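Below is one structure, written out as structure tokens; the observations come after it.
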There are 2 protein chains.
Amino acid sequence: MPAMRGSQLLGPDVLKALESDPSALDPEVLEELHAEDLAEFVAELPEAEEGRVLDALPLELAADVVARLPLERAVELVERRGHERTAPLLLEMAADDRADLIGELPEPLREQVLSAIEAHEPEVAEDVRALAAYEDDSAGGLMTTEFLQIGPELTAAEAIDAVRRLAREQDIESIYQIYVVAYERLVGVVSLRDLILGAPAQRVSELMSENVARVAPEDDQELVAQTMARYDLSVIPVADAQGRLLGIVTIDDVVDVLEEEATEDVQKMAAMVPIEESYFQTGFLQFMRSRLTWLVVLFVGELLTASVMHRYEADVAAVMDLVIFVPLIISSGGNSGSQSSSLIIRALALGEMAPRDWPRVLYRELGMGLALGSMLALVGFARAFMGVAGADPLAMGLTVACSVVAVVTLGTLVGSLMPLMIQRLGLDPAVSSTPFVASLVDVLGLFVYFTVARFIFALAL
Amino acid sequence: MPAMRGSQLLGPDVLKALESDPSALDPEVLEELHAEDLAEFVAELPEAEEGRVLDALPLELAADVVARLPLERAVELVERRGHERTAPLLLEMAADDRADLIGELPEPLREQVLSAIEAHEPEVAEDVRALAAYEDDSAGGLMTTEFLQIGPELTAAEAIDAVRRLAREQDIESIYQIYVVAYERLVGVVSLRDLILGAPAQRVSELMSENVARVAPEDDQELVAQTMARYDLSVIPVADAQGRLLGIVTIDDVVDVLEEEATEDVQKMAAMVPIEESYFQTGFLQFMRSRLTWLVVLFVGELLTASVMHRYEADVAAVMDLVIFVPLIISSGGNSGSQSSSLIIRALALGEMAPRDWPRVLYRELGMGLALGSMLALVGFARAFMGVAGADPLAMGLTVACSVVAVVTLGTLVGSLMPLMIQRLGLDPAVSSTPFVASLVDVLGLFVYFTVARFIFALAL
């Protein structure tokens, strides 16, 4: 076995050897690899090789590898292998992964695959159809239907035996949290730790915790992640309004959700339609679409600045030096607004804040804008006072200083209140992106600047 | 027991009752609450009440509550209670939480607390000192020293007995992954599931997996999170270069890390020094500091635009209409740059990309910039052609169109290559924030615009 370094499994070394000579597929070696490393390797293979690698693996590992392929790639694989040769692989997959993959298949392949599965294990096909009913990004869409449930009247020793038997019969992965069900309702949860450490004769009803954090199948995946993070859960049960246990969501899926949601938020905040795959896996045209829509919207919005500038052209002609500070003024509002909107969007995503908190936010951001703006105004005043060509230095300095205070404050207010308003309307606050806030503040900032200039220069003249 | 709704534990109802009458502290009721809910409740209490609630709780739960308080608040609590009354609480805490809290205490309180602990359990004090040696954001800083280890020669039945005995004696929480150690070196991992489902006489050496993903104590917490997410691990062992097992990191700590790192990235990308606490918990002055530094840097950088504008003032005086499109041109570069930088920063954070990928990124973003810029240029041309006052419409339209293509491409290139370069220098790429990229592109964009204008208007005149 090659030596392991840092966090690396032995994957990279073996994979490198395989790449140089893919014919040297030794099942013994492949089995030692982690399914995630294998999946990455298989995803890079040409189509012809892909089948040979999968066939060389034990069925269970092959199923795990297919489950970890990018979904598009897995769909292509099912299309190439056909429904008959794919059914055994699908039967070995975890219920949630299986449902996700089948849900992505085009018709009529999907029905063919389901029929092939039905021929072997009818209840699995039924399970797939049931899971398909839930939204992808809901608790129901994340959950698996493979979990352990026992009755409250068992003793700890009996319960351990039941766990052993059920886990073997139904090939259940997740056996550390065992749900206690009475009259078809979830009444408690007991950990395998408590069963093992408890006295063998103690009843499950005494060992279990009745206070079970749970989610509903229609709950958003973000709520699932927040609840599990809050209560440090590695598994959370999904139950319907009647308290019937439908499935469980495991922490590994939630970790993926957290990464995915953070990525989505970052992309939305940069004025993009979020992309599903990673940077290099996303096609050029798909990227264009994801980026172009918002760029055009922002560009058209920013056309307003041209109209504002046009309107004040005479002022600029009168005091040419005014033009010098246009980019400086509007960018200072964009920058403070971008800080505020990022803070608020993230606080909303983490559930630290709600739209009803707007008065506190308004109060704080108003103070922040005035304070930050005043500091920047000092720098701006100095630059304008010292560095103009023809205009009255004092009037120019005052115009820049007053505008900076006003525009920075405008930025903090628009940046903070906009996400709250958008969330209040039931939309995702992350769309009130940095560029969106900046564009709005650009337009408003120009008005402020030229209004201030008119006032001060009228006094100075 | 009040009915549970959605993901809510019964916390909120009981807490509301407690708030209206905090004297009605029923230990039976308090015990049913989750430590996280209690911690939030305690954090809001006045100092006098806080002690009463903690004293009403069983010691183990009280310790868990203190571990979940905001760190600053927990430090104040230790200061108020003194080292003698805090030591028993600290002894009940998980090793990692205990070390984190003690590490934050001011001297001489820290030494007093450590002495008090030493008087009860000398090896715990030693453990705290050992953990204190690691950086907070390293694997060593996250790990706990409470884990199970057994020898490879045990049978499954003997191993289960050993787990039971060790977990009881040492009060170990995390018993589902058991590490196999021979000659003081980590040689494998076996899950409690495999021990329970395996044949009782089978040896641990046969059941264990030798291919153990692990991290080194000095590894960054982001690498720990990435490794656990990649291999779907709920626990990861921390081992030194000699393969000696030092501790374990559990997934709940990593979920916190993921949220924390995503928040930090978002804040850095908005040109802020990340704040530690939530929005409302952060004081006004602390916020000012976190926001002002970058605002001043950006403002001073943006002063360059004033110099560029000053330099081209004569051009503007000659063709007044040029001034109209200044904000439009520079903002289009900022927007495309912000998309690119967010994409690249996130891809780097998820480990999807490395600085050495720069040629692929350059190639792709160049194409993207030209394509996106051309689309926007059409809109820009139309607006400029139709809406100018005195200048030649065709020359103005061409100037805007060419500038938009160039500036948008400049934006995608600066936005994508800057984070790669910063990562290459060993710094955090998230500091190449949207406003930072936008400011740089503003300055460069003005040069481009006026250069294009000089060229085209010279031809047109």
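The values are calculated or read from the model by the stated rules, or taken from the named source; none is laboratory data. Predicted model, so just to flag it, every value in this text is computed and none were measured. With ideal geometry, Cβ positions are generated from the backbone for all residues, glycine too; neighbour counts draw on all protein chains shown.
Computed values, structure above
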read-out: Single residue of A:408, A:452, A:443 found to be β-branched (Val, Ile, Thr) and under 18 Å from residue A:361 (Cα atoms); value: A:408
read-out: Filter result (surrounded by 15 or more Cβ atoms within 10 Å (Cβ to Cβ), aromatic (Phe, Trp, Tyr) and at pLDDT below 85) within the stretch B:273-307; value: B:279, B:287
read-out: Single match in A:265, A:256 (criterion: at the interface with chain B (Cβ under 9 Å from one of its Cβ atoms), buried (at least 18 other Cβ atoms within 10 Å of the Cβ) and charged (D, E, K, R)); value: A:265
read-out: Qualifying residue in the stretch B:195-211 (condition: modelled with pLDDT under 95, farther than 19 Å from residue A:191 by Cβ, within 12 Å of chain A (Cβ to nearest Cβ) and touching a Gly at 6+ places or on another chain (Cβ under 8 Å)); value: yes
read-out: Subset tally (residues that are under 17 Å from residue B:388 (Cα atoms) and either assigned to a helix (DSSP H, G or I) or at the interface with chain B (Cβ under 7 Å from one of its Cβ atoms) (or both)) for the stretch A:286-312; value: 11
read-out: Residue under evaluation residue A:242, criteria (1) outside the structural domain of residue A:452 (by TED's automatic domain parsing); (2) at pLDDT 85 or above; (3) surrounded by 22 or more Cβ atoms within 10 Å (Cβ to Cβ), criterion not met; value: (3)
read-out: Tally of residues being touching a helix residue (DSSP H, G or I) at 6+ places or on another chain (Cβ under 7 Å) and more than 9 Å from every other protein chain (Cβ to nearest Cβ) across the stretch A:268-285; value: 3
read-out: Answer from B:321, B:315 - the residue that is assigned to a helix (DSSP H, G or I), more than 9 Å from chain A (Cβ to nearest Cβ) and touching a residue at least 24 places away in the same chain (Cβ under 8 Å); value: B:315
read-out: Residues located in the stretch B:324-343, provided they are among the aliphatic types (A, V, I, L, M) and either under 30 Å from residue A:281 (Cα atoms) or within 8 Å of chain A (Cβ to nearest Cβ) (or both); value: B:324, B:326, B:328, B:330, B:343
read-out: Any hit, the stretch B:170-186, residues being among the aliphatic types (A, V, I, L, M), more than 12 Å from every other protein chain (Cβ to nearest Cβ), assigned to a loop (DSSP other than H, G, I, E, B) and surrounded by fewer than 19 Cβ atoms within 10 Å (Cβ to Cβ); value: no
read-out: Hits in the stretch B:408-461 - residues which are modelled with pLDDT of 90 or more and of a type in the set (Ser, Thr, Tyr); value: B:409, B:412, B:416, B:449, B:451
read-out: Whichever residue in the stretch A:261-285 is part of a helix (DSSP H, G or I) and of a type in the set (S, T, N, Q) and, among such residues, is nearest to residue B:415 (Cα to Cα); value: A:267
read-out: Odd one out for residue B:391, checked against (1) farther than 21 Å from residue B:378 by Cα; (2) at pLDDT below 90; value: (1)
read-out: Residues that are more than 26 Å from residue A:253 (Cα to Cα) and either without any contact (Cβ under 8 Å) to a residue 24 or more places away in the chain or under 27 Å from the mean Cα position of the chain (by Cα) (or both), drawn from the stretch A:46-81; value: A:46, A:48, A:55
read-out: Which numbered condition residue A:232 fails, given (1) in contact (Cβ under 8 Å) with a residue 60 or more places away in the chain; (2) closer than 20 Å to residue B:232 by Cα; (3) part of a loop (DSSP other than H, G, I, E, B); (4) acidic (Asp, Glu); value: (1)
read-out: Unmet requirement for residue B:376, which otherwise passes all of (1) touching a helix residue (DSSP H, G or I) at 6+ places or on another chain (Cβ under 6 Å); (2) more than 7 Å from chain A (Cβ to nearest Cβ); value: (2)
read-out: Residue ID - surrounded by the most Cβ atoms within 10 Å (Cβ to Cβ), chosen from residues in the stretch B:187-233 that are farther than 20 Å from residue A:175 by Cα and among the hydroxyl-bearing types (Ser, Thr, Tyr); value: B:227
read-out: Verdict on residue B:63 being in the same structural domain as residue B:92 (by TED's automatic domain parsing) and modelled with pLDDT of 85 or more; value: yes
read-out: Any chance residue A:411 is under 20 Å from residue B:308 (Cα atoms), in a helix (DSSP H, G or I), in the same structural domain as residue A:443 (by TED's automatic domain parsing) and not hydroxyl-bearing (Ser, Thr, Tyr); value: no
read-out: Exclusive hit being assigned by TED's automatic domain parsing to the domain that holds residue B:219, at negative phi and free of Cβ contacts under 8 Å to residues at least 40 places away in the same chain, set B:153, B:158, B:121, B:92; value: B:158
read-out: Condition check for residue A:304: farther than 27 Å from residue B:371 by Cα and touching a residue at least 60 places away in the same chain (Cβ under 8 Å); value: no
read-out: Any hit, the stretch A:123-132, residues being small (Gly, Ala, Ser) and either within 19 Å of residue A:248 (Cβ to Cβ) or assigned to a loop (DSSP other than H, G, I, E, B) (or both); value: yes
read-out: Residues of the stretch B:419-450 classified as part of a helix (DSSP H, G or I), of a type outside the set (Val, Ile, Thr) and more than 26 Å from residue B:400 (Cα to Cα), total; value: 7
read-out: Odd one out for residue B:192, checked against (1) facing chain A (nearest Cβ under 8 Å); (2) more than 23 Å from residue A:166 (Cα to Cα); (3) touching a helix residue (DSSP H, G or I) at 6+ places or on another chain (Cβ under 8 Å); value: (2)
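Listed here are the residues, each with its yes/no results for (1) buried (at least 24 other Cβ atoms within 10 Å of the Cβ); (2) among the aliphatic types (A, V, I, L, M); (3) in contact with a strand residue (DSSP E or B) (Cβ under 6 Å, 6 or more places away or on another chain); (4) facing chain B (nearest Cβ under 9 Å).
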residue: A:345; (1), (2), (3), (4): yes, yes, no, yes
residue: A:348; (1), (2), (3), (4): no, yes, no, no
residue: A:362; (1), (2), (3), (4): no, yes, no, no
residue: A:370; (1), (2), (3), (4): no, yes, no, no
residue: A:385; (1), (2), (3), (4): no, no, no, no
residue: A:391; (1), (2), (3), (4): no, yes, no, no
residue: A:402; (1), (2), (3), (4): no, no, no, no
residue: A:406; (1), (2), (3), (4): no, yes, no, no
residue: A:410; (1), (2), (3), (4): no, yes, no, no
